[in-house]
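So the structure is just underneath, and the comments pick up after that.
Derivation of every value follows stated rules applied to the coordinates shown; laboratory data play no part. Please read these numbers as outputs of a predicted model, since none were measured by experiment. No Cβ is skipped: glycine too gets one built from the backbone with ideal geometry, and neighbour counts run over all protein chains shown.
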Amino acid sequence: MKDSKRYELTHEGQSAIICGSAPCLLEEFDEAWHNLPHAKVIAVNESASVVRADFLCSYHAEKFNEFKAKSLNPDAKTITGKGFRSEEEDRGIDYRFENIKIGATSCGDAVQIATMMGFSEIVIVGAPMNGNDGYFNKTPMFQDGCHRFGSSGYSSETRQLEINQQVLTSLVTVLPDVKSMSGFTREIFGGPKWQIQT
């Protein structure tokens, strides 16, 4: 990796909110932001178009220009766990993180990257990752020749949903500071502190 793509800062003691693209995104983000008003925001893929993010994370590094063009914060730093493929693609990447366990979608990459960035508290919003959740912006369920993660066809036509969930589950023990607001991700990581207080 080129040194210029290495992220040198640490966010120890800080919180991060990771934003997926499910229909529950905005409601969950509002609740998380109310409880963590000083958190850094990491948007995954299209969620940057409705949530002002400090960072934009994707495995689909070839689409960073498209995501940034729609982003509420055009200055959001792009971060990825995807390895180098071309100079053209690399120009859209601000920071690259090595040793990401791929296979848990871009959201799975984001939680690993946030941990590598040193965040002490990480809360996932808008990413229940149940499969067939749909998208906050009603984007097509079938794109680039295949079903997207949020579609019913994604789980019915392949074992991909099960594989994604297995990879995410395998990360639980190495991502102790991650929590989630809903769905499958909440089942495996647990809910944020304000949801479990009595």
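Footprinting exposure proxy ranking of 72, 171, fewest other C-beta atoms within 10 angstrom first, gives 72, 171. Counted by Cβ distance under 11 Å from residue 81, the other residues give a net charge of +1, where Lys and Arg count +1 and Asp and Glu count -1.
Distance cut-off 26 Å, Cα to Cα: go down the list 5/40; 5/179; 77/179 and report the pairs above it. Where the Cα-Cα span goes over 26 Å, the pairs concerned are 5/179.
Over all other residues within a Cβ to Cβ distance under 14 Å of residue 43, the charged ones net out to -1, with Lys and Arg as +1 and Asp and Glu as -1. Dividing the summed -39500 (n - 2.57) terms of all DSSP H runs of n ≥ 4 by the residue count of the chain sets its mean residue ellipticity at 222 nm at -8000 deg cm²/dmol.
Loop-located chymotrypsin sites (Phe, Trp or Tyr not before Pro) across the stretch 1-105 with a Cβ neighbour count of 15 or fewer within 10 Å are 84, with loop assigned by DSSP.
Simple point charges give the picture: +1 on the Cβ of Lys and Arg, -1 on the Cβ of Asp and Glu, and for the chain a dipole about the Cα centre of about 80 debye.
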